[in-house]
Amino acid sequence: MENKQDLAVKQAAEIAKIAAEALDSKKGLDVTVLAVAEQTVLADYFVIATGTSSTHVKALIDEAEYKLKEAGYECGHLEGHGDWKLLDYHSVIIHVFTKEAREFYKLEKLWSGAEALPIEEA
């Protein structure tokens, strides 16, 4: 029998995978899953993607939220503006940027100690 911590880890991995696949399915660019649990208590995973415009960023966020809701996961918090939107699923934080915003914030560099996972392994 699995304990609560093991279930939470599996759930976080499932949320990250669903989100990454949803972003990829809507042509999100450079979809990246970072395992950040060793670096921060904020989350277990960051899912990061780039949209080609603020409209595309919104469509990507909408798709990720839709697919996660379909799987039974509710978003804890949504914030951002046209260039960067964030969905907070507590153990997974989904960031979607325009190209310029992603280059400006450089989350992958900020969290360079985190392991980047292929979508299939998230």
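Note on the chain: with charges restricted to the Cβ of Lys and Arg (+1) and Asp and Glu (-1), its dipole about the Cα centre is near 300 debye. Of the listed values (1) 14.3, 42; (2) 27.8, 72; (3) 13.4, 47, grab the one calculated as Rg and Dmax of the Cα atoms in Å from the structure here. Of the labelled values, this structure produces (3). Amide H contacts for K26 (H built 1.01 Å from N in the peptide plane; partners 5 or more residues away or on another chain; cut-off under 5 Å): none found.
Estimated from helical segments only, the mean residue ellipticity of the chain at 222 nm is -13000 deg cm²/dmol, where each DSSP H run of four or more residues counts as -39500 (n - 2.57).
Against the main long axis of the alpha-carbon atoms of the chain, helix 4-25 sits at an angle near 30°. Counting only DSSP beta bridges with both residues in the chain, the antiparallel share comes to about 70 percent.
In order along the range 91-98, the phi-based Karplus estimate (6.51 cos²θ - 1.76 cosθ + 1.60, θ = phi - 60°) of 3J(HN,Hα) comes to 8, 9, 10, 9, 10, 10, 10, 6 Hz; Gly and Pro are listed as x.
Between the Cα long axis of helix 54-70 and the first principal axis of the chain there is an angle of about 20°, rounded to the nearest 10.
Only the coordinates and a few stated rules stand behind these numbers; no lab work does. The model shown is predicted, which means the values in this text are computed figures rather than measured ones. Ideal geometry is used to build each Cβ from the backbone, glycine not excepted, and the neighbour counts take in all protein chains shown.
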